[in-house]
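S.K.: I'd like to ask you about the structure that follows.
The values are calculated or read from the model by the stated rules, or taken from the named source; none is laboratory data. Given the structure is predicted, the values throughout are model-derived calculations rather than measurements. Here the Cβ positions follow ideal geometry from the backbone for every residue, glycine too, while neighbour counts run over all protein chains shown.
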Amino acid sequence: MLLNHNKASDSSYLTYKYYLISIVILMTYAISITQKGQFTLPKAVRDALDITTPDQVDLTFNTKTKSIRFSKTPTFAELGGFINKKTKKPIKNAVQMRKIMENDYSRN
């Protein structure tokens, strides 16, 4: 927060300027790749992403920058509350989700 005296006005009001500061912590690790192309995510990364067994991870590869981004795959329970586009009501369980997908989506 910066505190400035407003010289333009006759009265001695103080003006405040607030700045939002975002802090990003980058973690860089050198990891080995096995002959099968597998590797282990470091524990600090698993902890930061809240990944435990048997969670899944989404891997996004950027072909331009040749970089990889990981994110935790949301579970069905975490997706609870997604809305059915036709009825505008929350999807309550996996059976309902399956019926919606079978009716609304087709393979091309």
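S.K.: Give just the number: which of (1) at pLDDT 85 or above; (2) surrounded by 10 or more Cβ atoms within 10 Å (Cβ to Cβ) does R98 not satisfy?
M.R.: (1)
S.K.: Condition first: charged (D, E, K, R) and within 12 Å of P74 (Cβ to Cβ). Now tell me which residues in the stretch 43-63 satisfy that.
M.R.: Residues satisfying the conditions are D50, D55, D58.
S.K.: OK, next. Quick one: count up the residues across the stretch 50-67 that are out of contact with any Leu (no Cβ under 8 Å at 6 or more places or on another chain) and either in contact (Cβ under 8 Å) with a residue 12 or more places away in the chain or in a loop (DSSP other than H, G, I, E, B) (or both). Step through it out loud before you land on a result.
M.R.: Here is the first cut: in the stretch 50-67, the ones out of contact with any Leu (no Cβ under 8 Å at 6 or more places or on another chain) are 50, 52-56, 58-67.
Restricting the remaining residues to those that are either in contact (Cβ under 8 Å) with a residue 12 or more places away in the chain or in a loop (DSSP other than H, G, I, E, B) (or both) gives 50, 52-56, 58, 63-66.
Qualifying residue count, the stretch 50-67: 11.
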